[in-house]
Amino acid sequence: MQPKAFGRMALVLGCAIVGCLSPWAAEAPGLAERVRTLVKQLDDPQFQARQQADQELRRLGIDVVPHLRKELEGKHPLEVTRRLESIVNELSRVPWKTDIAAAQAEAARTGKPLLVFSTIGEVDGFA
Amino acid sequence: MGSNLMRTVTFADLEVVDHIKKHFVAVWHNQSPEVYSSEPAQQEKLTAEQIKAYPQGGGGGNVRTYFCLPDGRVIYYLEGFWSKDRYLAETDFARDLAAKVRKAADTEGPALVRKALEERCRQVADERQTIRAKHPGEFAGRFVPTEVRKREAALGLLEKTLKTSAGQVCQAVRPIMDKLRAENIRQGKFV
C-alpha cells in the first residue's frame, strides 16, 4: 500500500475509533428499534396506549431526539405529529426558569449550581 | 447577534442541552423586558458562513452567563457568545469549582474561587502564548482574521472575562441582574 493511502486510512480509522469512544456517540443498543415501535404506538386506537408511548419516549430522554426528528420528516397522522413535535420540543430545550428565587429553591433542593444566562429578550427571541 | 447565536446554535446543541439539564438549574434573564416582551418572534436565520464568521466571545455585556452556587452567589462570570466546545469546557470548570466550594468551609469559599480563577486565567494566558509562539508570522504586521488569529483573540476575551469574574466573586446574582436592568433603563438602552 502506498504510504499516503495508508496514512489516510489510519486517520479515518483513528477518527472512527475516537468517534465511537466519545460518550456522545454511544447510544443504547436497540434504541432505534424501540423508538420505531413507540412511534407506531403513538397511533394506537387506544388513548391509554398512545399516552404510554408518549411518556416512554419522554422517559428515554435526549438520545431519541435525532430519531424523532427523522420520523418528523415522514408523514404521520396529525396527532402523532403533534405528539412528536411536543416530545422533541421538551427534550431538546434547556428547561429555563425565569424566576431566580424559584431557581434557587430548586438548586437548594437538588444541590445543583445555577447557570444564569442574561441577555436581551426572552428565550424564544424578542419582539 | 451573539444572543441569537447562543439561542440558535449553542443552546440548540443537544449535548449542551443534556449537559445543562443534568448539572445545573438554568435561569433565563431578560436584560430589558420593558422593551423586549415575552411574545415569541421570528429569529433571523443565520447562514453557516455568518455563524462561522462571528467571533467567539463576541456580544459583550449583552450576552452573559453567571455560574452560581445553589444559594445564588456568583463564582464565575462568562461574557459573550461561545460555541459548544468552549461553553461546555467553561461549564465543567464552573461545576468543578462549585463542588470544591461546597466542600470547603464558608470562610474559605471566596479565596478558593479567586485562586481558581487566577489559575484558569494563567492557563488561558499560557494557551495564548503557545499559539503566538507556534505561529509568529501570523502576529507580525496588521490583524488579518485567520483561524489562528481568531482563536488567539477569543482566548484574549476569555482571559478578560476571567479577570472580570474576580470582581464579582460570591456576590449575590439577583442584585446584579436588577442593577443591570436598572442601568439599561437609565441609559435608555434598547428603547
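Odds and ends about this structure:
- Close pairs from region B:68-93: first more than 11 Å from every other protein chain (Cβ to nearest Cβ), partner open to solvent by 10 Å² or more (accessible area, probe 1.4 Å) and among the polar types (S, T, N, Q), Cβ under 8 Å, at least 6 apart: B:TRP82/B:GLN56; B:SER83/B:GLN56; B:ARG86/B:GLN56
- Residue within region B:30-51 that is crowded, with 20+ Cβ neighbours inside 10 Å, modelled with pLDDT of 80 or more and under 27 Å from B:GLU183 (Cα atoms) present: yes
- Condition check for B:VAL169: closer than 18 Å to B:PRO55 by Cα and hydrophobic (A, V, I, L, M, F, W, C): no
- Checked against the criterion of being in a helix (DSSP H, G or I), in contact with a helix residue (DSSP H, G or I) (Cβ under 7 Å, 6 or more places away or on another chain) and either within 14 Å of chain B (Cβ to nearest Cβ) or not aromatic (Phe, Trp, Tyr) (or both), the candidates A:ASP54, A:ASP43 yield just one match: A:ASP54.
- Residue that is modelled with the highest pLDDT [pool: residues in region B:163-175 that are touching a Phe, Trp or Tyr at 6+ places or on another chain (Cβ under 7 Å) and either assigned to a helix (DSSP H, G or I) or surrounded by fewer than 15 Cβ atoms within 10 Å (Cβ to Cβ) (or both)]: B:VAL173
- Test result for B:ALA133, within 17 Å of the chain's Cα centre (by Cα) and part of a helix (DSSP H, G or I): no
- Selection of region A:92-126 for residues being more than 29 Å from A:VAL64 (Cα to Cα) and more than 7 Å from every other protein chain (Cβ to nearest Cβ) yields A:ASP99, A:ALA101, A:ALA102, A:ALA105.
The values are calculated or read from the model by the stated rules, or taken from the named source; none is laboratory data. Being a predicted model, the structure only gives us computed values, none of them experimental. As a convention, Cβ positions derive from the backbone with ideal geometry for all residues, glycine included, and neighbour counts pool all protein chains shown. Heads up: the accessible areas ignore ligands, DNA and RNA and are worked out on the full protein's heavy atoms, side chains in. Shrake-Rupley method; radii C 1.70, N 1.55, O 1.52, S 1.80 Å.
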